[in-house]
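Quick notes on the structure that follows.
The values are calculated or read from the model by the stated rules, or taken from the named source; none is laboratory data. Keep in mind that what you see is a predicted model, and the values were worked out from it rather than measured. Cβ placement follows ideal geometry from the backbone for every residue including glycine, while neighbour counts extend to all protein chains displayed. Accessible surface areas use protein heavy atoms only, side chains included; no ligands, DNA or RNA. Shrake-Rupley method; radii C 1.70, N 1.55, O 1.52, S 1.80 Å.
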Amino acid sequence: MALIDIKPHEIRKRMIDDIRRALQKPIQDRRWVMVIDQEKCVGCTACTTSCVAENHLPPGVVYRPVVEEEHGNYPNVRKSFLPRPCMQCDDPPCVKVCPAHATWKRMDGIIEINYKRCIGCRYCISACPYSARTFDMGYFYTDNTPEIMQYEREPNFEYGKAWPRKDRESSPVGNARKCTYCIHKVEKGMLPACVSTCIGDATYFGDANDPKSLIAELLASPRARKLREEEGTEPATTYLV
Amino acid sequence: MKRFIKSIVWLLAVIGFGVGIYGMYLRFTTGHRLADYGSYIPWGLWVAFYIYFIGLSAGSFLLSTLVYVARIERLEKIGKLALFTAFGCLVAALLSIWMDLGHMFRVGNVLLHMNLNSMMSWMGILYSSYFAIILVELWFALRVDLIETAQTGNSGSAAFAKFLSFGSTDTSKEAKARDHARLRVLGTIGVPLAIAFHGGVGALFGVVQARPHWNSGLMPIAFLIGALASGGALLTAVVYIWGPDKNKQQLNEIMKFLGKIVLALILFDFLLEIAEFLVGLYSLAPAERLPLEAILHGPYWYVFWIVHFLIGVVVPVIILFARAVPKGQPDKYVGGSIAFACLLVAVTFIAVRFNIVIPAQINPEIPGLEYAFGGPGLKFTYLPSIMEWLVAAWVTCFGVLLFLVGEKILPIVKDDNREVA
C-alpha cells in the first residue's frame with residue numbers, strides 16, 4: 001500500500017505532530033478529519049473496544065462498530081470491513097432536525113451534543129443516514145448483579161466535560177450519543193482512542209486544513225471515498241477503498 | 001342501548017386507566033429500559049399513538065370549523081362536541097409523545113431553544129397555539145351555556161359552571177352574536193393552524209431523507225386526509241352516542257351527512273395509500289421496497305390486511321355505502337350502523353399510523369450493521385413490549401376519561417337536546 005512514503009513507526013508520531021500544530025491555530029482554522037483505509041483494516045474491532053473503554057459506553061451505546069461485508073462465493077470468498085464512526089458531516093441532517101438546538105457543528109467540524117439540553121426525542125437518530133447515533137437507555141453492564149460496579153459510574157470526558165453516570169435518569173442517560181472523534185483527547189494533543197489502538201494503522205486522523213498534514217495527503221488519494229455520498233451530507237470521515 | 005354503550009365505555013376506560021397505571025409506574029421507575037425500541041428503531045408504539053391521536057384531534061377540529069366557519073346549520077348542535085373531542089385527543093396525543101422523550105422534563109427546550117429548521121420545533125409552536133385556540137374557542141362556544149347552567153343546574157355543576165364562566169354574565173342577543181363572530185375568527189385561524197400542524201407532523205416524517213419510506217411529498221397530504229378520515233369517523237361515532245338525540249330525524253340527518261363525508265375521506269385516503277404502495281413497490285431500492293413488503297407480507301401482515309384493510313376499510317365502506325348514501329326515509333337503525341362503521345374506522349386507524357412509523361425503520365441503513373455490535377436496542381426488529389402497551393392504554397384511557405368527565409360536567413350537549421339526560 002505504498003501510497004505515501006512513510007514508515008509505519010513514523011505514522012503516529014507524525015499524526016500527533018499534526019494535531020499539536022493544528023492546536024496552535026484558532027479553532028475555526030482547524031478541520032478535523034478521519035481517514036479509514038479499508039485495505040488495511042483486518043476487522044479486529046480493537047477500535048470499537050477502545051472507544052467503549054475511553055468513553056465509558058454503556059450497553060446498547062456504540063460509536064464505532066465495525067461492519068463486516070462478505071464478497072464472492074465459495075471458494076472465492078473475501079471479507080472487507082467498514083468501521084463506522086460518526087461521519088461529522090459538513091451538512092449534518094441530525095443538526096437540522098434537532099428541535100432544541102442541542103446538537104450543532106463546531107467550528108472545527110465536530111458535531112457536538114449538549115447533553116444537558118437534549119430532550120431525548122431521537123429525531124436525530126432517525127435522521128442520520130449512517131445510524132451513527134445511539135440512544136442511551138440507562139443500562140449498566142453489571143445490571144442484575146448484586147452491585148453496579150463503581151467503574152461504570154466513573155465519568156467519561158466527552159466534549160471536555162466530566163459526565164459521571166450517576167443514575168439511570170441523569171445525562172448522558174436519556175440522550176442521543178455519538179462519536180466525538182475523542183475531541184477531549186485531541187484537544188490535549190492526543191490521538192482519538194480508535195486511532196491509537198488500531199493494530200494495522202488503518203485509521204488516520206488530523207487537520208485537513210493543514211496541507212503538510214498526513215491526513216491532507218491521504219485525502220488526495222484516488223482511493224478516497226465517502227460513505228453514502230448520494231445523501232449529500234458531505235461527510236468528513238473518508239474511506240480509502 | 002346508548003346508556004349501555006356509555007357504561008361499557010366508562011368501564012373500559014376505568015379498567016384501562018387502572019391497569020395502565022402499572023405501565024406508568026414501570027415507565028417512571030425503569031425509564032425506557034423495558035421498551036422494545038432503541039437505537040436502530042428509535043421510534044415505536046408511542047410515536048404511532050401520538051400521530052394517531054393528533055390526527056383524530058385535527059380531523060375532529062377541522063369538522064368543527066364546518067360549524068363555526070362554514071356555518072353548516074344542520075351540524076350546529078355538534079360543534080361543541082367536535083371541539084371537545086378534539087381537545088381530549090390532543091391531550092392524549094401530547095401525553096403519548098411526552099412519555100416517549102428521553103428527558104421528559106426538558107420538553108420546554110423545544111420552545112426555549114427553538115430551531116426553525118426542525119419540524120419538531122414547529123410542532124412545539126403549532127401545538128401550543130392550537131392548544132390555546134381550542135381552549136379559547138371552547139370557552140366562547142360554551143360561555144352562554146355555562147352561564148345558564150350556573151343559574152339553573154344543580155349545585156355542584158352550577159358552581160363549576162360559575163367558576164368556568166370567569167364572571168361573565170352577559171347572555172344578551174348581542175353578546176351571543178359577538179361570541180359567534182369571535183368563534184368564526186378563532187375557527188378561521190384554526191383551519192390553517194390545524195392544516196399546518198397535522199400536515200407538519202406528516203412533514204416531520206416526510207423530510208427524513210434517511211428513511212425513503214417516509215421521504216415523500218405525499219406524506220403531509222396523506223396525514224391530513226388520514227386525520228380527516230379518522231377524526232371525522234371518531235366524531236361521527238361520538239355524535240351518535242353522546243350527541244344531541246332528542247330530535248331523531250335531525251340526528252339521522254347529521255349521521256348520514258357525516259357518514260357520507262367519512263366514506264369519501266376513507267376512499268380518498270385509501271387511494272393515496274394505493275399510490276404510495278404501487279410507486280414504492282416499483283422501486284428496486286431495498287430501502288423503498290422492504291418497508292412495503294414488510295407491511296404486506298412481513299410477520300405482522302395482519303396489521304395491514306385484517307386490522308386496516310378488512311376492518312378499517314372494506315367493512316365500513318360497505319356499511320356506509322349501504323346506510324349513509326341511500327336517499328329516502330331512514331329506518332331506526334341507520335344512525336347506529338353508521339356510528340358502528342365509523343367506530344371501526346376510528347379504532348383501526350392506529351394500524352395505519354403504526355405502519356407509517358415502524359416499517360420505515362426496519363431497513364438497516366448500513367447493511368450488516370445489526371451484526372456488527374450487540375446490545376439492547378441495537379436491532380432492526382420491533383414488537384411493542386407490555387410496558388409500552390400499558391402506557392399507551394393509560395394515555396388512551398386518560399383521554400377518554402377526560403372526555404367522559406367533561407361531557408358529564410360541562411354543558412357540551414345540553415340536557416334538553418338529549419333523549420336520555
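Odds and ends about this structure:
- Positions within region B:326-374 being charged (D, E, K, R) and touching a helix residue (DSSP H, G or I) at 6+ places or on another chain (Cβ under 7 Å), in sequence order: B:Arg353
- A:Pro129 being within 30 Å of A:Leu240 (Cβ to Cβ), out of contact with any Cys (no Cβ under 6 Å at 6 or more places or on another chain), touching a residue at least 12 places away in the same chain (Cβ under 8 Å) and facing another protein chain (nearest Cβ under 7 Å): yes
- Set side by side, the residues A:Tyr181, A:Tyr239 differ, and just one is in contact with a strand residue (DSSP E or B) (Cβ under 6 Å, 6 or more places away or on another chain) and not in a loop (DSSP other than H, G, I, E, B), which is A:Tyr239.
- Meets criteria (open to solvent by 10 Å² or more (accessible area, probe 1.4 Å) and either more than 11 Å from chain B (Cβ to nearest Cβ) or over 18 Å from the mean Cα position of the chain (by Cα) (or both)) for A:Glu39: yes
- Residues (open to solvent by 10 Å² or more (accessible area, probe 1.4 Å) and touching a strand residue (DSSP E or B) at 6+ places or on another chain (Cβ under 8 Å)) located in region A:149-161: A:Pro155, A:Phe157, A:Tyr159
Per-residue answers, yes or no, for (1) in a helix (DSSP H, G or I); (2) within 14 Å of another protein chain (Cβ to nearest Cβ); (3) charged (D, E, K, R):
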{"site": "B:Arg353", "(1), (2), (3)": "yes, no, yes"}
{"site": "B:Gly374", "(1), (2), (3)": "no, yes, no"}
{"site": "B:Pro384", "(1), (2), (3)": "no, no, no"}
{"site": "B:Trp389", "(1), (2), (3)": "yes, no, no"}
{"site": "B:Thr396", "(1), (2), (3)": "yes, no, no"}
{"site": "B:Val400", "(1), (2), (3)": "yes, no, no"}
{"site": "B:Lys408", "(1), (2), (3)": "yes, no, yes"}
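- You will find that of B:Leu62, B:Leu56, the residue that is under 17 Å from B:Leu402 (Cα atoms) and buried (at least 23 other Cβ atoms within 10 Å of the Cβ) is B:Leu56 and no other.
- Filter pass, B:Phe49 being more than 30 Å from B:Leu251 (Cβ to Cβ) and open to solvent by less than 40 Å² (accessible area, probe 1.4 Å): yes
- Residues located in region B:371-419, provided they are at pLDDT below 95, in contact with a Leu (Cβ under 7 Å, 6 or more places away or on another chain) and either open to solvent by 40 Å² or more (accessible area, probe 1.4 Å) or of a type in the set (Val, Ile, Thr) (or both): B:Ile412, B:Val413
- Among the candidates B:Ala351, B:Ala360, residue that is of a type in the set (A, V, I, L, M) and modelled with pLDDT of 95 or more: B:Ala351
- Checking each residue in region A:106-126 for being within 14 Å of chain B (Cβ to nearest Cβ) and open to solvent by 30 Å² or more (accessible area, probe 1.4 Å) picks out A:Asn114, A:Lys116, A:Arg117.
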